[in-house]
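A short worksheet on the structure shown next.
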Amino acid sequence: LQHHDGDSSGLGMPRGEQEELHQAITCDQLFLEYQPQVDVATGRITGVEALVRWNHPAKGRVPPVNFIPLAEETGLIVPLGLWVLNEACRQARSWQDMGLAPVTVAVNVSAKQFADPDFASHVAEALERNRLQSRWLELEVTESVVMQNAERALAMMEQLRAIGVRLSIDDFGSGYSSLAALKTFPFDRLKMDRSLVEALPGDKTAVAIASAVISLAQTLKLSVLAEGVETDAQMDFLRHAHCEEAQGYHFSKPVSPEELSRMLQTRLP
Ligand code: C2E
Ligand code: CA
Ligand code: CA
Ligand code: CA
């Protein structure tokens, strides 16, 4: 998808790709994988993050980095995101119906979805349709999503809080993020970006920043999750720093719903 071969416009425009992506949404070519999130102290699964994939008829499995940007540019992220939201709620309901202990299901929300005045009612509808209590749904947004139009974002977050879903700030500490979003917006949870976790525990600066982020979260009464945890040494650090939750290849890569339901039987990844 990054190459524009097979592009009939000859202008390098993603016209054909846009059409294909539209078909992906309407013709059932998207699917979700789920990555467990664990309690650092007990190793138990507390939640899962839903991550979208595209089963392309010719190219096979396409990762989200290769189509989410196009979806955002073209506005197709709105129907795509709605599909993800509904599918994640449907899956959460199905796990609960299997008698598995309920876990939070986190869904990524992009800027255009969050700016859609109907977004909160789409969320309420997805919960209702699947008879899912709002406390089991978490919405992940990045700082740039809320900072684009702070007033509008704040109003949206208040509607979502009234519904009762959890709100987390994703990729915290990546790129040019500042602390402004934390003081302005009512988040429940902070997800510390993989770039901060990567250099732990060898790098002194990384240790200082990660420790500061964890205690900042605690002071602000946000729960804190470390993303991209890959090693035992990182886990030792996070345990000592009292980071509550973690997610990463150390526990599990994103897996199919079937594989996740096997994990949920023991609540261990
Ligand atoms: P993200 O929200 O930061 O999701 C975490 C990404 O890190 C996932 O990549 C996951 O597979 C990967 N990851 C998890 N643990 C580790 C680890 O230990 N090491 C490393 N190196 N990577 C790890 P994935 O699934 O390719 O998704 C990439 C990005 O695509 C996501 O980043 C998110 O921004 C976006 N995305 C995925 N699904 C959706 C969706 O349904 N809607 C929207 N708007 N964006 C999505
Ligand atoms: Ca995320
Ligand atoms: Ca993230
Ligand atoms: Ca990321």
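The values are calculated or read from the model by the stated rules, or taken from the named source; none is laboratory data. This one's a predicted model, so the numbers in the text were calculated from it and none came from an experiment. Every residue, glycine among them, receives a Cβ derived from its backbone with ideal geometry; neighbour counts consider all protein chains shown. Each accessible area value is taken on the protein alone, full model and side chains, heavy atoms only, with ligands, DNA and RNA left out. Shrake-Rupley method; radii C 1.70, N 1.55, O 1.52, S 1.80 Å.
Odds and ends about this structure:
- Residue selected from the range 183-208 under the condition away from ligand 4 (no atom under 16 Å from the Cβ) and touching a Leu at 6+ places or on another chain (Cβ under 6 Å), by the criterion nearest to residue 237 (Cα to Cα): 206
- Single residue of the range 231-269 satisfying the filter (open to solvent by 10 Å² or more (accessible area, probe 1.4 Å) and within 16 Å of ligand 4 (Cβ to nearest atom)) that is nearest to the chain's Cα centre (by Cα): 254
- The lone exception for residue 178 - which of (1) away from ligand 3 (no atom under 16 Å from the Cβ); (2) out of contact with any helix residue (DSSP H, G or I) (no Cβ under 7 Å at 6 or more places or on another chain); (3) under 24 Å from residue 73 (Cα atoms) it fails: (3)
- Screening the range 150-195 for residues that are open to solvent by 40 Å² or more (accessible area, probe 1.4 Å) and in a strand (DSSP E or B) and picking the one that is nearest to ligand 2 (Cβ to nearest atom) gives 171.
- All of 78, 103, 62, 84 fail the test of being within 16 Å of ligand 3 (Cβ to nearest atom) and either under 22 Å from residue 261 (Cα atoms) or modelled with pLDDT of 95 or more (or both), apart from 84.
- The set of residues in the range 196-206 being open to solvent by less than 20 Å² (accessible area, probe 1.4 Å) and either free of Cβ contacts under 8 Å to residues at least 12 places away in the same chain or in contact with a His (Cβ under 6 Å, 6 or more places away or on another chain) (or both) consists of 206 alone.
- Strands (runs of 3 or more DSSP E) within the range 34-132 that include 3 or more residues within 20 Å of residue 171 (Cβ to Cβ), within 16 Å of ligand 2 (Cβ to nearest atom) and under 15 Å from the mean Cα position of the chain (by Cα): 45-56, 104-108
- Residue list for the range 110-139, restricted to those being under 24 Å from residue 192 (Cα atoms), out of contact with any Gly (no Cβ under 8 Å at 6 or more places or on another chain) and surrounded by 20 or more Cβ atoms within 10 Å (Cβ to Cβ): 114, 136, 137, 139
- Members of the range 140-149 that are hydrophobic (A, V, I, L, M, F, W, C) and assigned to a helix (DSSP H, G or I): 145, 146, 147
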